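Values in this text are rule-based calculations from the coordinates and carry no lab data. Given the structure is predicted, the values throughout are model-derived calculations rather than measurements. All Cβ positions, glycine included, derive from the backbone under ideal geometry; neighbour counts span all protein chains shown.
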Amino acid sequence: MLSSDEIVSSVGVQQEEREESENEEEVDSAASKKISHGAALNHLESLLDYLESEENSLLSDKLILHRLHMDIRKKENAMKKQTTILNFF
């Protein structure tokens with residue numbers, strides 16, 4: 001026969017395991033989302049605007065974000081390039 005303390009502890013453990021599995025499912029669903037290059041650029045531009053309006057923002061942060069902006073823009077442009085007929089043979 002289980003004591004009341006054992007019952008309470010087993011229920012608590014089951015609830016914690018359930019919460020952990022729910023948190024793992026949320027992380028998995030967030031990781032499976034694919035963000036387009038255009039959406040990433042929009043968010044990055046908003047972040048750059050914010051940092052440029054702040055007085056205490058670091059120049060190094062702005063430069064890193066500008067470089068990231070250029071990299072994403074290059075990827076977006078590369079995806080939009082027209083393929084030639086030679087690429088299919």
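Okay, here's what the table says:
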read-out: Charge tally in the Cβ shell below 9 Å around L51, where Lys, Arg are +1 and Asp, Glu are -1, L51 excluded; value: -3
read-out: Theoretical gain in end-to-end length, S46 to K33 [0.36 nm per residue, Cα-Cα removed]; value: 2.6 nm
read-out: Packing rank of 74-84, 56-66, where each peptide gets the mean count of other beta carbons within 10 Å, highest leading; value: 56-66, 74-84
read-out: Inter-label distance for F88 and R67, nm, one decimal - labels placed 7 Å from Cα along Cα-to-Cβ; value: 4.0
read-out: Per-residue ³J(HN,Hα) for segment 73-89, Karplus 6.51 cos²θ - 1.76 cosθ + 1.60, θ = phi - 60°, Hz, x for Gly and Pro; value: 4, 5, 5, 5, 5, 5, 6, 8, 5, 6, 7, 8, 5, 5, 5, 8, 10
read-out: Phi-based couplings in Hz for segment 46-61 (Karplus 6.51, -1.76, 1.60; Gly and Pro marked x); value: 5, 5, 5, 4, 4, 5, 5, 7, 7, 6, 9, 6, 7, 5, 4, 5
